[in-house]
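Notes for the one structure printed next.
Read the figures in this text as sums done on the coordinates, not as results from a lab. Everything numeric here is computed off the predicted structure, so don't read it as measured data. Reconstructed Cβ throughout: ideal geometry from the backbone, glycine too, with neighbour counts over all protein chains shown.
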Amino acid sequence: MCLCLCCVVFIFLILIFYMKMMMGSSFPEEVLEHVFSFIERDRDRNAISTVCQSWYEIERWSRRRVFVGNCYAVSPVILIKRFPDVRCLELKGKPHFADFNLVPEGWGAYVDPWIEAASKAYPGLEEIRLKRMVISDDTLKLISKSFKNFKVLVLSSCEGFSTKGLAAIAADCRNLRELDLRESEVEDLNQSSGHWLSRFPDNYTSLVSLNIACLNSEVSFTALECLVGRCPNLRTLRLNRAVPFDRLAILLRRAPQLVELGTGEASDLRPDVFSPPDVFSNLLGAFSGCKELKSLSGFWDVAPGYLPVVYPICPRLTSLNLSYAATIQSSDLIKLASQCQNLQKLWVLDYIEDLGLEELAASCKDLRELRVFPSEPFGAEPNVLLTEQGLVSVSEGCPKLHSVLYFCRQMSNEALRTIARNRPNMTRFRLCIIEPRTPDYLTLEPLDVGFGAIVEHCKDLRRLSLSGLLTDRVFKYIGTYGKKLEMLSVAFAGDSDLGLHHVLSGCENLRKLEIRDCPFGDKALLANAAKLETMRSLWMSSCSVSFGACKLLGQKMPMLNVEVIDERGPPDSRPESCPVEKLYIYRTVSGPRFDMPGFVWTKDKDSALGLS
Amino acid sequence: MEKKESDPIKNERRNGISEEKKLELRLGPPGEAQSIHYVGLNNKINGAKRVWQETVVAKKEERKWLSKNAQNQYQDLSFTEKTVERVFPTSWSSASLHSSAFHMDTQKQNQQPKPTYIQYPSISRRLSVMAEESQQTCGCRVAEMQNSDKKACSSRPASASVSTATAEPINSQKRIAVAPVVGWPPIRSFRKNLGSRNFSKPAPKSPNETPKAGSDGEKLVNLEHHMFVKINMDGVPIGRKVDLKVYDSYEKLSFAIDELFGDLLAAQRDYSAAKKENKVGDAKAITDSLHDSGEYTLIYEDNEGDRMLVGDVPWHMFVSTVKRLRVLMSSEISTLRLTTSQDEKTPL
């Protein structure tokens, strides 16, 4: 429908342009601006801004939403210069592998300079969304003071701040609608002045979404209850483990209009001991009263005996995240999941096992996204009966399944082929076979052919993560068939530079490539240097790229920042042929950054590269 | 602060991988007595067991770096700023790979990101922060690890990450293989330890609880088979938990509590007084008195909130009504009103 609208708008624009050409008179700017307001996608807006100078001007003045995929690709100054009136800013910082501790502490991604600049240039800023960035309490305070109409703060996998910063947001952002701390690391400062939640003023009622699931600290239940009670528009509430499960009923009764709920912790709840029977029926009643509830998460340490309290809402659920529910085993998982016939998204631990996935495939025909996480990722032997079969079952039974993240311990080419044929509509396929370089367990061959089938059959595949035993051959397949591939993650794979070359030369839409522990070296990188400017970023760690190659690349490609991340010390203290630890290359229009820590080297760093 | 290495490592390994972002001090090769902590990952690369973490290059010849020099440098590396500053400035030009092993994932206790060029001093400052943090460890091993931090179940047990694999195969856990790899399997930190609690509550996990994910033994699955209640003891700031379902008589419970707090107090005796709230000197007296039966009194709080003397009712009735336990010194009984009273509700 959106596409249709865009088409209509585009046609309209073409007409206007035609009229302008024919009639020689200019169209009132206000009209154009109004038309442009229907165009939201960045790509489309970028396109219309290239039509002519006046359209460029109108577009840039009317752009309200800006997304910066790499905070070092552009600077605040450049951004503000081009777009003077931005209301929603979204920034991403560290590379994805930072999630797995591959990016050393202090690497960068500080948002403070951005907010500093925005506080002066964008007083009307309403939304800030950050991912993998470092934000300080002072900056949070600055946000709360600078933007009078501030509405949305989403901090996804961020760090660097504490409950003190949250208190400032709570106290001063009168129009705040969303506070979402998803998976961030928040320090708890245990303020003596009171819990940060109680800093929301008594007359503050505009909260729509609150996600504090990642908070490790105590939460004042009274403050929470009051807050929930006085905000009639509250739709999303994701609690942290400090909120006991049995008190959930109180909150649910205050906010029966909730659409998304994340429960707290339930470990003290034991239905068979001395917990009064009231608790169960209380919770059951409270859940039954939530007629709008569509998404559930949390479930830390819930005793399986309490699961039935959510049964009344299961048929309405579209999203279920049980990936923290370490106390719920297969049979209870099956019982729960099989009641959620309208489920579209399921995140679960591998306790669900093959049997559970089979059941899921039979019951949840609307399933679109499945993520199966390992319960014991560091165990040497399997602790659950989860194999490739589970994934095959789901691929067979769920016609709308298009996004998969699957951790398992064995895989076969045959299974991958089957999955590929079953689900040609797959768009995101991330498979992690826990032991690196694991071959096809049936034939002991590499899994090249299996993944090859995936890229060949799934023509709309945008994201792919590889694992298992893989040779250069799989990269040939990817380069040949992965034409729509935008993000590729590779680990412990390949034989030679040829592998990397296949990917860089073949995948036309590649934006992000992250590689670790592969024998890829200089040749492929240098041969495809130009490709790197068409991508957002390339990460390579524990590979065989020499420092000399990095220098050369930095020299030849001025639009790239070639960052050598090496904690062993200055790279020029070692021979140039010595491979670098980690390499992060990204395109940028703002040149080398000025906040690099001691272990990062780029071409303009005198000490290391010694270039003129 | 000295590092307490061998026992804490083993204990932590039993408890499973500690959670969240923590100090992952990954160091060298076999033979390193100290500071052998690894991210709890196992991998057999090419069928061969790796004995140390492989963050850096795949090339095998790079591993020659583990010269004596590097090793010696690491042996000195305790969680002090001083040591860090000593290590860092000298390390850059020497052994090639050693600091690659020195990964620091710390909680952001001191994280003040600066948009300016960050030099080594800030790294060492972060290390000193981690040093302090490393004192805080989670769980029932707190006392044994001579950690006085009150937040026993700290959300940031920045102690060296539990290793499911070490440089030397000193673990006997059947599930865990050797050879950890950084960042593999690719799961977020907060997913690594799903079984264990990773948020701050006053009472730590009971030693009776089965180990959590990542360690050997069975997972704690059905809470119905356990009944954990908190137990505090006078003079001991950090409480414990006992599983009442393990015992079937008062005698066995009494003995278990004896053992529980005997260990705790013994460990505390060695503790530096700086972080402790209570007098260290009394610990010895308490320990001694513990072993003489009758020198302490066990009371409990029932489901109606009343404090009762343990032993009056039949065991099964006791189990069905008890909510928490407390060990009082006999001398305190006279000063204590045992029945519920609103004004004097000292925490049990």
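Miscellaneous remarks
- Rounded to the nearest whole Hz, the Karplus-based 3J(HN,Hα) values (6.51 cos²θ - 1.76 cosθ + 1.60, θ = phi - 60°) of segment B:236-246 follow the sequence 10, x, 10, x, 10, 10, 10, 9, 5, 6, 6, with x at glycine and proline.
- 19 Å cut-off, amide nitrogen to a point 7 angstrom out along A:GLU292 Cα→Cβ, residues in segment A:218-255: A:225-239, A:249-255
- Each of A:LYS459 and A:ARG174 was given a label point 7 Å from its Cα along the Cα-to-Cβ line. The distance between the two points is 5.6 nm.
- Shielding value for A:94-105 is 5, the average number of Cβ atoms from other chains within 10 Å of each residue's Cβ.
- Ellipsoid semi-axes for segment A:111-168, based on the Cα gyration tensor and the rule √(5λ), read 17, 12, 11 Å when sorted largest first.
- Centroid-to-centroid separation of segment A:97-135 and segment A:193-228 [C-alpha atoms, Å]: 24
- A:MET411 long-range amide H proximity, modeled H, under 5 Å: A:TYR441
- Shielding by other protein chains, A:573-579, mean Cβ within 10 Å: 2
- Cβ-derived FRET efficiency at R0 30 Å, A:PHE67 paired with A:ASN425, nearest 0.05: 0.70
- An ellipsoid equivalent to chain A, defined through the eigenvalues of its Cα gyration tensor, has semi-axes of 39, 34, 26 Å when rounded to whole angstrom and sorted largest first.
- Net lengthening on full extension, A:LYS120/A:CYS226 (0.36 nm per residue, minus Cα-Cα): 34.7 nm
- Approximate spin-label separation A:PHE17-A:ASP278, in nm, with each point projected 7 Å along Cα-to-Cβ: 7.0
- Pairwise Lys count, segment A:355-493 - Cα closer than 22 Å, eight or more residues apart or different chains: 8
- Of A:VAL77, B:VAL327, A:VAL449, the sequence from fewest to most neighbouring Cβ atoms within 10 angstrom is A:VAL77, A:VAL449, B:VAL327.
- FRET E, pair A:PHE10, A:LEU442, Förster distance 56 Å, beta-carbon r, rounded to 0.05: 0.65
- Stokes-Einstein, applied to the Kirkwood radius of segment A:78-153 over Cα pairs at a viscosity of 0.890 mPa s and 25 °C, places its translational diffusion at 187 µm² s⁻¹.
- Extended-chain gain in nm, criterion 0.36 nm per residue less alpha-carbon gap, A:SER331 and A:ASN149: 60.6 nm
- Relative to the current alpha-carbon distance between A:VAL77 and A:ASP366, full extension at 0.36 nm per residue lengthens the span by 99.4 nm.
- Label-point separation, A:ASN342 to A:ASP572 (7 Å along Cα→Cβ), nm: 6.5
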